[in-house]
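Report on the structure given below.
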Amino acid sequence: MAWNLFPVLSTPRLLLRELQQRDAAAWYALQTDPAVMRWYGADMPRDVAQVERLIADYRSWQQAQSGIRWGIELEGQLIGSCGFARINRGWHNAMLGYEIGPAWQGQGLMQEALQAILHYGFTSFQFHRIAAEIHHDNQASIKLVQKLGFRYEGVHREVGLWGGKWHDLDVFSLLEQEWEAQGVSAPRG
């Protein structure tokens, strides 16, 4: 799994690209929207500088090959992000994460973005398993991963800490052979 260049992906409607420092203000707007952050698993950033540091952290994850985060662009506008964290190259697995602004929810855009990165994860990164941890009350996200073929595995008790309290997260996973059985082809832009 060589990551010499950031993998830019495109779908019929979206461009998935590396988050840049120039995205900090737009991403700060998303990250300070209570509807976006309700289930994000972290507290809202205090200022744009904190978002700039997070973007730099994502770049260091990529360099260390421990994670990768794509900015989701629609018609030139950053509308969310998605990617893999906790990449374990020896075990060929990773954790899926994503968020999208409320104005773009319910349009199939995140499903389109996730199909692209799942395909990339299973083919280029050669993942065997991709997991997602989702708050039980986040039914839209649970339905999304189930549409993508993820299966419920159980609960990680009090694994998340945000908003000053501990949260249980439901665990879902998708195996490479389950993805392949769906016959999902590479995204076309």
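The values are calculated or read from the model by the stated rules, or taken from the named source; none is laboratory data. Please read these numbers as outputs of a predicted model, since none were measured by experiment. Methodologically, a virtual Cβ is constructed for each residue, glycine included, from the backbone with ideal geometry; neighbour enumeration extends over all protein chains shown. These accessible areas exclude ligands, DNA and RNA; they are computed on the full protein's heavy atoms, side chains included. Shrake-Rupley method; radii C 1.70, N 1.55, O 1.52, S 1.80 Å.
Is it the case, given these coordinates, that LEU174 is surrounded by 13 or more Cβ atoms within 10 Å (Cβ to Cβ), among the hydrophobic types (A, V, I, L, M, F, W, C) and on the phi < 0 side of the Ramachandran plot? Step through it out loud before you land on a result.
Numbers: surrounded by 13 or more Cβ atoms within 10 Å (Cβ to Cβ): yes; among the hydrophobic types (A, V, I, L, M, F, W, C): yes; on the phi < 0 side of the Ramachandran plot: yes.
When the stated conditions are applied, LEU174 passes them.
Enumerate the pairs (first residue in region 22-34 and not in a helix (DSSP H, G or I); second residue anywhere and not aliphatic (A, V, I, L, M)) with beta-carbon separation below 9 Å, excluding pairs fewer than 6 apart on the same chain, so at least 6 apart or on different chains. So the pair list comes out as THR32/PRO45; ASP33/GLY101; ASP33/PRO102. Scan region 43-61 and tell me whether some residue there is outside any helix (DSSP H, G or I), aromatic (Phe, Trp, Tyr) and either out of contact with any Ser or Thr (no Cβ under 6 Å at 6 or more places or on another chain) or more than 26 Å from PHE127 (Cα to Cα) (or both). So far as region 43-61 goes, no, none of its residues is outside any helix (DSSP H, G or I), aromatic (Phe, Trp, Tyr) and either out of contact with any Ser or Thr (no Cβ under 6 Å at 6 or more places or on another chain) or more than 26 Å from PHE127 (Cα to Cα) (or both). Scanning region 139-157 for residues that are open to solvent by 60 Å² or more (accessible area, probe 1.4 Å) and either β-branched (Val, Ile, Thr) or touching a Leu at 6+ places or on another chain (Cβ under 9 Å) (or both) yields ARG151, VAL155, HIS156, ARG157. Restricting attention to region 112-131 and to residues that are of a type outside the set (A, V, I, L, M) and under 12 Å from LEU96 (Cα atoms), the residue that is surrounded by the fewest Cβ atoms within 10 Å (Cβ to Cβ) turns out to be ARG129. Pairs linking a residue in region 118-144 that is closer than 21 Å to GLN182 by Cα and touching a residue at least 60 places away in the same chain (Cβ under 8 Å) to a residue that is open to solvent by 30 Å² or more (accessible area, probe 1.4 Å) and among the hydrophobic types (A, V, I, L, M, F, W, C), with Cβ atoms under 7 Å and 6 or more positions apart or on different chains, are HIS119/VAL184; HIS119/ALA186; PHE125/MET1; GLN126/MET1; SER141/TRP39.
Would you mind finding the one in GLY80, GLY76, GLY90 that is in contact with a strand residue (DSSP E or B) (Cβ under 9 Å, 6 or more places away or on another chain), open to solvent by 10 Å² or more (accessible area, probe 1.4 Å) and small (Gly, Ala, Ser)?
Values: GLY80 fails: open to solvent by 10 Å² or more (accessible area, probe 1.4 Å); GLY90 fails: in contact with a strand residue (DSSP E or B) (Cβ under 9 Å, 6 or more places away or on another chain).
Sole residue among the options that is in contact with a strand residue (DSSP E or B) (Cβ under 9 Å, 6 or more places away or on another chain), open to solvent by 10 Å² or more (accessible area, probe 1.4 Å) and small (Gly, Ala, Ser): GLY76.
Within region 123-143, the set of residues being under 16 Å from the mean Cα position of the chain (by Cα) and over 18 Å from ARG69 (Cβ atoms) comprises ARG129, HIS135, ASN138, ALA140, ILE142, LYS143.
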